[in-house]
Amino acid sequence: MHRFALALVAAGLAAGAAPAPAAEKLSDGKVKLGVLTDMTGYYADLAGPGSVLAARMAVEDFGGKVLGKPVELVSADHQLKADVASNIARKWIDEGQVDAIVDLVSSSTAGAVMPVAAEKKRITLLSGPGTTAFTGEKCTRYNVHYTYNNWALANGTGREVVKQGGDSWFFLTADYIFGKSLEEDTTKVVKAAGGKVLGAARYPSPGTTDFSSYLLQAQGSGAKIIGLANAGADTVNSIRQAEEFGITPKQSLAGLLVFITDVHSLGLEAAKGMYLTTAFYWDLNDETRKWSRRFFQKHGKMPTMVQAGVYSSVMHYLKAVQAAGTDDADAVMAKMRETPVNDFFAKNARIGPDGLLRHDMYLARVKAPKDSKQPWDYYQIVKTIPAAEAFPSVEAQACPLAKR
Amino acid sequence: MPGRLVTWGWIALLALGLAAPFVVYPVFAMNVLCLALFASAFNLLLGYTGLLSFGHAAFLGASAYTTGWALRSWGLPPELAVLLGTALAAALGLVFGALAIRRSGIYFAMITLGFAQLVYFLVVQLPWTGGEDGLQGIPRGRALGLFPLDDPRTAYWFVYAAFLGGFWLLHRAIHSPFGHVLRAIRENEPRAVSLGYDVARYKLLAFVLSAGVSGLAGGLKALVLQFASLSDVHWHRSGEVVLMTLLGGMGTVLGPSVGALLVVALENYLADTGSWVTVITGAVFVACVVAFRRGIVGEVRALVRRSFTGGKP
Amino acid sequence: MTQALFGQLFLGLINGSFYALLSLGLAVIFGLLDVVNFAHGAQYMMGAFAAWMALTYLGIPYGWALLLAPLAVGLVGMVVERTLLRRLQGLDPLYGLLLTFGLTLIAEGLFHHAYGNSGFAYPVPGWLRGGVNLGFMFLPLYRAWAVGLSLAVCLACWFVIERTKLGAYLRAGTENPRLLQAFGVNVPLMFTLTYGFGAALAAFAGVVAAPVYQVTPLMGSSVIMVVFAVVVIGGMGSIGGAIVTGLGVGLLEGLTRFWYPPASSVVVFVVMALVLLVRPAGLFGRER
């Protein structure tokens, strides 16, 4: 309340004394971004501090100011808890004057924050979560799903694995909205390609560290492919334990969402030969290498697609604020949709009316140790999946906003 | 203490409660009220009956989910939804209580903890609770069909009214003959038995009452935050309510509310620091148990009594 | 089919042997000190972390960690008993539970702050890597070792407490500490040592568990809840009862995982309710 009163007084003084035409258009005289992510938990490696760093780099590269006023950046740890995330978002918006919330890794937190933000007309820029429904039946007017979604993963990795002969599947699924969505999307792809799905073991997540009993269920199913509908530390652990129980040479694992940090902690020996779908790889071209090396120097690890997506989304947002001349959410969203994204992360990519950014994706295969020439030389890009094929079309989305 | 002073004190507190949403962030104030009610209900057991339940989150959480479901999927009006949650929590209390009071002391604590874990895992597994995602997007609706609760202050006064109702109920129970029997059980159970009281029934009744009011708190909380989540049924929540009661002063009328205010403020203030909240909560816990067992209100009361009686105990 | 059944039963046996080790320590501490040691889970976690830290920072291998981590955690436990728990003597035993609960929060919070939540893998020592295909199931060597070692320690504890003079003191102290004091036994020292021993036992279980599960700050709290239920089911009366109940609960969980996996996390608590209905004092317990 004090802060609010002070802000009112300050705003009044500013308006009376020195009317700055551009700054008037900014609510509270500044643009404030909040990075809400998992700083210490299972997804901290693939998002977490790296996401905060990426956002900070974007703000610095933009010049630290927009429309002549400073850009502020705050960050918080939602501990992968939906209620914590929604409380922080509420506090940020109601008391902290945050204009946009970035990353939101883990779909359960994104799903909790999106409606809160939309109700109060604040923008969410999703980079971490994958749930397809965020631009489908759960879509909001003020959301951009930026980096990847489960539909794209299923159509990249799932389709390729079936093509290679993996036509019977059993899923090991993280039992929350993200895992279930990934399982559902992949099931559709497998069935459409003529394969069959024998069952699924769903485990509580986050929190499960011992996957052996679920792996035994998968083993008992006799499926050729055990599809890992999970992410981050869960993926790494399930791959390790499958090896310990002698499951892997006989049955194959298909990691549906694999990040470069996962490959790094598994080691190439354990991960070699795996297919994965990614929105970004540091070693694609000169542009990606240049940005990633800068990131590496500050972070000590190469960026994941989530972290690269955070940078790109913050940059795109700030450019839109600049172009719109205001931080009003409707105007900024319109500007973001109007302008294609063109940077190291995506080329000529556009945000649809459903909020999904459609850009090229890459199908990659993890290199064997002998093929890796330098640190972090992990992927061999098998093919580029063009944007139109990589993501669902606007018409295919169950988003009411897309049906106009 | 002179009676008139006490009366004025209560009136001042009431007025303060009424004016709170003009001074502080309403969601924060509502959260404090919910947890203060929760802690007061818990206090009926720990402070007045001498039973330490380590699983009270089960009642708070079960009611939060029920209320949320009734609001979101059945479209019940808020007051009915909250009452439904309360009823469910009381029924759950009846079942758990009937089993748990077969043991006392330390076993009672472990058994209630076990039952709370049962509820926790059920909530994790059941299809309609949303598991890890929780029950999101609960609509607040209109109280009594008239007052839209989407307005934060209206919502606050609704919660405040319900809080006063629950608080009054507990207060009545404590100061009735029923409450005196409970205290007799706390002081000396064998003696209460030999006086001819059906101790088991009194304990069970206290347990059900406590569970029901905890349910009321849980239902209100789901309404306020528009959210029911696993945190509401987690054992951390059960520990938290013990801390609130202990810190504020168990066996005092206002203690649990004071404790709730402090703990919620602490958590709110430290929310961005992540794990330090846990460390500090733990440290406060240890400090309370080792050095400060009467709690804040208990200490103040002792101080006041000493000064009124001229230093004589 | 049989492969899956035996596999799940074996996994249940692993869990069960940890339950047995932990409920054993809990029972020993409770017997003498009248304290329900909520921090038992935290001590288990600290044992695992001590082993991981020793390996990561000092290069101390698994074998030494089995010895050193329990020693370190046991020492911490003794300090806690001397400085904090001792102040609660003569008070309601509930305060002991609350104090150790607070300590658990502190420990979990500190480790969470320092190491995050996602945990670390503790590599299986080289000489225990791999596994054997028994035909009806695949047996990872390390897990077999974990079961064997835990059971051996359980049996050794049982023997010491039930069959030796030291154990006789302990049992006498459980019955009547004052009388024991009169016989010239240093009872306060015995309290300290017993608490330290219980903590060390938990830490030992933690070291054995480290390569099986991830080393995470929350690994203890998930297990301690089950162990409490085990203690309610078995009753805290006897050491043997604690061991048998722990193993039984583990196997029961394994069976449930085979028949109906979603129920495996609740089955313990359902059994607890049933036992309370039939035998409130627990299967092996007596009313105190």
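Sort through B:ARG153, B:ARG140 and tell me the only one that's within 29 Å of B:LEU122 (Cβ to Cβ), more than 17 Å from the chain's Cα centre (by Cα) and within 14 Å of another protein chain (Cβ to nearest Cβ).
Being within 29 Å of B:LEU122 (Cβ to Cβ), more than 17 Å from the chain's Cα centre (by Cα) and within 14 Å of another protein chain (Cβ to nearest Cβ) holds for just one of B:ARG153, B:ARG140, which is B:ARG140.
Among the residues of segment A:154-170, are any more than 26 Å from A:HIS316 (Cβ to Cβ) and among the aromatic types (Phe, Trp, Tyr)?
Yes: segment A:154-170 contains one or more residues that are more than 26 Å from A:HIS316 (Cβ to Cβ) and among the aromatic types (Phe, Trp, Tyr).
Looking at C:LEU85, is it touching a helix residue (DSSP H, G or I) at 6+ places or on another chain (Cβ under 6 Å) and more than 14 Å from chain A (Cβ to nearest Cβ)?
Judged against the criteria, C:LEU85 is not a match.
For C:VAL73, which of the numbered conditions (1) more than 14 Å from chain B (Cβ to nearest Cβ); (2) touching a Phe, Trp or Tyr at 6+ places or on another chain (Cβ under 6 Å) fails to hold?
(2)
Would you point out the residue of segment B:217-246, among those that are β-branched (Val, Ile, Thr) and part of a helix (DSSP H, G or I), that is farthest from the chain's Cα centre (by Cα)?
B:VAL224
In segment B:262-275, what residues are at pLDDT 85 or above and either at the interface with chain C (Cβ under 8 Å from one of its Cβ atoms) or buried (at least 17 other Cβ atoms within 10 Å of the Cβ) (or both)?
Once the filter is applied, which keeps residues that are at pLDDT 85 or above and either at the interface with chain C (Cβ under 8 Å from one of its Cβ atoms) or buried (at least 17 other Cβ atoms within 10 Å of the Cβ) (or both), segment B:262-275 yields B:LEU262, B:VAL263, B:VAL264.
May I ask you to verify whether B:ALA81 is more than 14 Å from chain C (Cβ to nearest Cβ), without any contact (Cβ under 8 Å) to a residue 40 or more places away in the chain, more than 27 Å from C:TYR95 (Cα to Cα) and assigned to a helix (DSSP H, G or I)?
no
How about segment C:241-259: which of its residues are among the hydrophobic types (A, V, I, L, M, F, W, C) and either out of contact with any Cys (no Cβ under 9 Å at 6 or more places or on another chain) or within 12 Å of another protein chain (Cβ to nearest Cβ) (or both)?
C:VAL244, C:VAL249, C:LEU251, C:LEU252, C:LEU255, C:PHE258, C:TRP259, listed by residue number.
Could you list, ordered by first residue, the pairs with Cβ atoms under 6 Å in which the first is in segment C:202-229 and within 13 Å of chain A (Cβ to nearest Cβ) and the second is charged (D, E, K, R) and surrounded by fewer than 24 Cβ atoms within 10 Å (Cβ to Cβ), at least 6 apart or interchain?
So the pair list comes out as C:TYR213/A:ASP210.
Given the criteria more than 8 Å from every other protein chain (Cβ to nearest Cβ) and within 22 Å of A:THR209 (Cβ to Cβ), does C:LEU105 qualify?
So C:LEU105 does not fit the description; no.
Among what's in segment B:85-100 and is in contact (Cβ under 8 Å) with a residue 40 or more places away in the chain and surrounded by fewer than 22 Cβ atoms within 10 Å (Cβ to Cβ), pick the residue that is farthest from B:GLY165 (Cα to Cα).
B:ALA98
Being in a helix (DSSP H, G or I), closer than 18 Å to B:ILE174 by Cα and β-branched (Val, Ile, Thr) is the requirement here; does B:VAL297 meet it?
Yes.
Tell me which of these B:PHE22 doesn't satisfy, since it passes every other one: (1) modelled with pLDDT of 95 or more; (2) farther than 19 Å from B:LEU254 by Cα.
B:PHE22 satisfies all of (1) modelled with pLDDT of 95 or more; (2) farther than 19 Å from B:LEU254 by Cα except (1).
Sort out which residues of segment B:30-48 are surrounded by fewer than 24 Cβ atoms within 10 Å (Cβ to Cβ) and polar (S, T, N, Q), and write them in order of number.
Of everything in segment B:30-48, just one residue is surrounded by fewer than 24 Cβ atoms within 10 Å (Cβ to Cβ) and polar (S, T, N, Q), namely B:ASN31.
With a cut-off of at least 2 residues that are buried (at least 20 other Cβ atoms within 10 Å of the Cβ) and in contact (Cβ under 8 Å) with a residue 40 or more places away in the chain, name the helices (runs of 4 or more DSSP H) lying wholly within segment B:101-216.
B:105-125, B:152-174, B:177-187
In segment C:74-117, which residues are assigned to a helix (DSSP H, G or I), of a type in the set (S, T, N, Q) and more than 21 Å from B:TRP276 (Cα to Cα)?
C:THR83
Go through the residues of segment B:291-300 one by one and say whether even a single one is under 13 Å from the mean Cα position of the chain (by Cα), surrounded by 21 or more Cβ atoms within 10 Å (Cβ to Cβ) and touching a residue at least 12 places away in the same chain (Cβ under 8 Å).
The answer is no; no qualifying residue exists.
Here is a yes/no grid of residues against (1) touching a helix residue (DSSP H, G or I) at 6+ places or on another chain (Cβ under 7 Å); (2) of a type in the set (Phe, Trp, Tyr); (3) part of a loop (DSSP other than H, G, I, E, B):
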residue	(1), (2), (3)
B:TRP8	no, yes, no
B:ALA15	no, no, no
B:MET30	yes, no, no
B:ASN43	yes, no, no
B:ALA62	yes, no, no
B:ALA70	yes, no, no
B:TRP74	no, yes, yes
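Which one of C:ALA210, C:ALA168 is modelled with pLDDT of 85 or more and surrounded by fewer than 20 Cβ atoms within 10 Å (Cβ to Cβ)?
C:ALA168
Starting from residues that are surrounded by fewer than 22 Cβ atoms within 10 Å (Cβ to Cβ) and away from chain B (no Cβ under 14 Å), keep the ones in segment C:231-240 and report whichever is nearest to C:LEU11 (Cα to Cα).
Ranking the candidates gives C:GLY240 first.
Does A:PHE211 satisfy the criteria of being over 22 Å from A:GLN307 (Cβ atoms), in contact with a helix residue (DSSP H, G or I) (Cβ under 7 Å, 6 or more places away or on another chain), within 13 Å of chain C (Cβ to nearest Cβ) and at pLDDT 90 or above?
yes
I need the full set of residues from segment A:172-189 which are surrounded by 24 or more Cβ atoms within 10 Å (Cβ to Cβ) and either hydroxyl-bearing (Ser, Thr, Tyr) or more than 21 Å from A:ALA110 (Cα to Cα) (or both), in order please.
Selection gives A:LEU172, A:THR173, A:TYR176, A:SER181, A:THR186.
Of the conditions (1) within 13 Å of chain B (Cβ to nearest Cβ); (2) more than 19 Å from the chain's Cα centre (by Cα), C:ASN133 fails just one. Which one is it?
(1)
When you go through (1) crowded, with 24+ Cβ neighbours inside 10 Å; (2) modelled with pLDDT under 95; (3) within 18 Å of A:PHE259 (Cα to Cα) one by one for A:GLU160, which number turns out not to apply?
That leaves (1) as the condition not met.
If you go through segment B:289-301, how many residues are more than 8 Å from chain C (Cβ to nearest Cβ) and within 21 Å of C:LEU94 (Cβ to Cβ)?
8
Hey, does segment C:256-272 have a residue that's in contact (Cβ under 8 Å) with a residue 60 or more places away in the chain and either assigned to a helix (DSSP H, G or I) or surrounded by 22 or more Cβ atoms within 10 Å (Cβ to Cβ) (or both)?
yes
For A:ALA7, state whether it is more than 30 Å from A:LEU266 (Cα to Cα) and modelled with pLDDT under 90.
Yes.
Listed here are the residues, each with its yes/no results for (1) over 20 Å from A:LEU363 (Cβ atoms); (2) in a loop (DSSP other than H, G, I, E, B); (3) among the polar types (S, T, N, Q); (4) touching a Pro at 6+ places or on another chain (Cβ under 8 Å).
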| site | (1), (2), (3), (4) |
| --- | --- |
| A:LEU153 | no, no, no, no |
| A:GLY156 | no, no, no, no |
| A:GLU160 | no, no, no, no |
| A:GLY166 | no, yes, no, no |
| A:THR173 | yes, no, yes, no |
| A:LYS180 | yes, no, no, no |
| A:THR186 | no, no, yes, no |
| A:VAL190 | no, no, no, no |
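The values are calculated or read from the model by the stated rules, or taken from the named source; none is laboratory data. What you see is a predicted model; the values in this text were computed from it and never measured. Backbone-built Cβ (ideal geometry, glycine too); neighbour counts: all protein chains shown.
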